[in-house]
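Values in this text are rule-based calculations from the coordinates and carry no lab data. Keep in mind it's a predicted model, so treat the numbers as computed, not measured. Methodologically, a virtual Cβ is constructed for each residue, glycine included, from the backbone with ideal geometry; neighbour enumeration extends over all protein chains shown.
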Amino acid sequence: MGRDGDAARAELTVRARGLAARFKGRLALDGFDLDVAPGEIVGLLGPNGAGKTTALRLLATGRRPDAGSLELFGATVRRSVGPSVRRNIGIAGDEPVHAAALTGWENALGFAMAAGLPRALAETRVGALLDRFGLSPDAHRPVSDYSLGMRRKLLLLEALVHEPALLILDEPTGALDVQARALLGDVLKERVRAEVAVVLATNDLAEAERLCDRVVFLHAGRTVLEGRPAELISRLGGRTRFEFTLAAARAPDIRVSGVEIALATAAKLVAHAINGSSPLPALCEAIQRTGAAIEAVVVRRPGLDDVFLEATGRELAS
Amino acid sequence: MTAAVWWLEWRQAIRRPRVNVLSVLVPLFLVAAVALGRAPAPHASLVYTMLFTFFGTFGAGIPWARDVERGWIHRLLLTGIHPISAVAQRWAASALLDLFQVLPSLLFIVVAYGADVGEAARLVFGVAAGLFVANALGLLVASIARSLAETALLASVFALLLLHAAGVFRTPLPGSFAETLQRVIPFHYVHEVIRAAVGA
């Protein structure tokens, strides 16, 4: 790598090469590469068990990879991870684990101090974030009284309080209401303007499309596709997506001119057409001819789920 | 160095008044039952040594195993706090809390057996040291066990073995290996100060 390459490499917040991890004897992640620059939001997408959470754990230094290398903030992560690396990472995992007997304020303050903030600064920042996330009225109630959504907000607050250079978020909007989702989007945009890098895993494709600069599709522990959401979707051209909910004995085997069948099961059929919604009557007729009953039809422009379907032949939600 | 773990431990202790009251009353009732039941002093001292050892071992081991299982320890360590610092803070907080909780029991022993000031002071310091060792044993066991049940089992086995090696259950022959061994087991000295306090 030349000088420019070295400089570009040093500027990356995350540089992962060939990361692999086994989980209970199974290869949960295999040959995972990822570059994340400061001020970039990267989304990891994939069905359950694809390796998203394992990838986040490796990036968060929560476990060591079985193979591959990881550089964070320009330095290689070794066997022993120093506090300077971890204090630059904010993590909100998939489960909001807290000290249930303590109040929200105490939990957040404890984590802020554990991340190295002096008490006075920690109190100021915790107070401001509790206000921002609408938790101030409940700040002095025990976390055991909190709803799942409130605990999720507290977890996000604890990931943000020490103002890390890298945020790692697993299903950050899970259990959040609409206002909290919008707030999280605003907070992430602010942090990105401050050159914070964000890696998040989500099953919410609309959220990924809205928030992420780049998405990485994982399937069976491997990266199958990577790119900017709009560019990936545009590769599908001006197609129209038809999604039929069916009641059928078996997957209907149909052919309609100008229509590509992306997925066919006894319960669901997904088709893409290049001529807008005009093939819909022909599609309905073809399906009904097979003896299948159509229970519902959704017609919309393709999204990230279609990108994954096109790349793997499998549904993202499966 | 941040003292966040120490702070969190004490805050949690304050927020659990029921657990604190039970942790004071349970050993106190046991001590009172043995002392007021006029159990022979050697037998009473054996019961008290076992009680304080198990109190410390289980008091540190079970909560640590539970916090490892639910991911709390992992979360704390990912904040950048040094693992040795985190364990040390937890150990110190847990042992000191145990000492506060058994102080009424120690006071009861002093009053019930009419121990003098010197014996009382040695009793408090000896049991405090024993609690630190027992807590360390609990944390060690919890970190090698894979579940709460395994922690409880291993804590019982190791504590009993150490108490046995410390000469709590029998007096080894003078000059024997067992006699040499008991001198390096801290629980031996805990047992000695308790024996002195109860007049065994």
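Report the local net charge at B:Asp67: Lys and Arg +1, Asp and Glu -1, summed over other residues whose C-beta lies under 12 Å from its C-beta.
That sum, taken over residues with Cβ under 12 Å, equals +2.
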Across the residues of B:10-22, average count of Cβ atoms on other protein chains within 10 Å?
-> 2
Please get the size of the charge dipole for the range B:24-198, origin at its Cα centre, with Cβ charges of +1 on Lys and Arg and -1 on Asp and Glu, quoted in debye to the nearest 20.
-> 200
Could you give the nm distance between label points at B:Ala88 and A:Ser147, where each point is 7 Å from its Cα heading toward the beta carbon?
-> 4.4
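Evaluate E = 1/(1 + (r/R0)^6) for A:Thr245 and B:Ala121, where r is the Cβ-Cβ distance and R0 equals 60 Å; express this FRET efficiency to the nearest 0.05.
On the way: r = 79 Å, r/R0 = 1.32.
Once rounded, the FRET efficiency stands at 0.15.
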Hey, any idea what Rg/Rh is for the protein assembly as shown, computing Rh the Kirkwood way over Cα pairs?
-> 1.13
10 Å Cβ neighbours from other chains, averaged over peptide A:82-91 | 3
Taking the Cβ of A:Gly51 as the centre, find all other residues whose Cβ is under 15 Å away and add up their charges (Lys, Arg: +1; Asp, Glu: -1).
-> +1
Kirkwood Rh over Cα pairs of the range B:1-79 into Stokes-Einstein at 10 °C, 1.306 mPa s: D in µm²/s?
-> 106
For the table A:Lys52/A:Lys189; A:Lys153/A:Lys268; A:Lys189/A:Lys268, the rows whose alpha-carbon distance is greater than 25 Å are A:Lys153/A:Lys268; A:Lys189/A:Lys268
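Sort B:107-116, A:264-273, A:38-47 by packing, meaning the average of other beta carbons within 10 Å per residue, with the highest value first.
Numbers: B:107-116: 16.6, A:264-273: 18.9, A:38-47: 21.6.
With the highest mean Cβ count within 10 Å placed first, the list reads A:38-47, A:264-273, B:107-116.
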Using only the Cα atoms, work out Rg/Rh for the range A:238-301, with Rh taken as the Kirkwood radius, to two decimals.
-> 0.92
If each of A:Ile274 and B:Val184 carries a label point 7 Å out from its Cα toward its Cβ, how far apart are those two points in nm?
-> 8.3
Picking from A:Leu184, A:Gly276, A:Ala206, whose Cα lies most toward the positive end of the charge dipole for the range A:182-280 (charges on Cβ: Lys, Arg +1; Asp, Glu -1)?
-> A:Gly276
Measuring from its Cα centre, the range A:3-232 shows a charge dipole (+1 at each Lys and Arg Cβ, -1 at each Asp and Glu Cβ) which, in debye to the nearest 20, is 720
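Give, as a single signed number, the net charge of other residues whose beta carbon lies under 11 Å from the beta carbon of A:Ala114, with Lys and Arg counted +1 and Asp and Glu -1.
Neighbourhood net charge equals +2.
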Site B:Glu150, offset 7 angstrom along Cα→Cβ, radius 20 Å on amide nitrogen, limited to the range B:56-79, gives B:57-75
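Suppose the chain between A:Ile294 and A:Arg78 were pulled fully straight at 0.36 nm per residue; how much longer would it get relative to their current alpha carbon spacing? Please report the intermediate quantities before stating the final value.
Numbers: separation 216, 0.36 × 216 = 77.76 nm, distance 5.61 nm.
Computed gain between A:Ile294 and A:Arg78 is 72.1 nm.
Taking beta carbons within 10 Å but only from partner chains, what does the mean come to for residues A:106-114?
Values: counts 6, 2, 0, 4, 10, 7, 3, 9, 15.
Shielding by partners across A:106-114 averages 6.
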Mean residue ellipticity at 222 nm from the helices of the protein assembly as shown, using -39,500 (n - 2.57) per DSSP H segment of n ≥ 4 over the full residue count, to the nearest 500 deg cm²/dmol?
-> -16500 deg cm²/dmol
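Once the convex hull of the alpha carbons of the range A:1-137 is built, what does its volume come to per residue, in cubic angstrom?
Details: hull volume 22.0 nm³, N = 137.
Considering the Cα atoms of the range A:1-137, their hull volume per residue is 160 Å³.
Can you tell me how the range B:97-200 classifies by the Cα gyration tensor, rounded, prolate or oblate, using a/c under 1.5 as the rounded cut? Let's see the in-between values first.
On the way: a/c = 2.54, a/b = 1.25, b/c = 2.02.
Taking the square roots of the gyration eigenvalues as a ≥ b ≥ c, the range B:97-200 is oblate.
Given the C-alpha atoms of the range B:24-198, compute the convex hull and give its volume per residue in Å³. Mind dumping the intermediate values first?
On the way: hull volume 20.7 nm³, N = 175.
Given the Cα convex hull of the range B:24-198, per-residue volume reads 119 Å³.
From the Cα gyration tensor of the range A:3-232, with a ≥ b ≥ c the square roots of its eigenvalues, which class applies: rounded if a/c is under 1.5, or else prolate if a/b is larger than b/c, or else oblate?
Details: a/c = 1.62, a/b = 1.46, b/c = 1.11.
Prolate is the answer for the range A:3-232, as a/c is 1.5 or above and a/b outweighs b/c.
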For A:Lys24, go through the aspartates and glutamates and keep the ones whose alpha-carbon is under 15 Å away, minus same-chain ones fewer than eight residues off.
-> A:Asp66
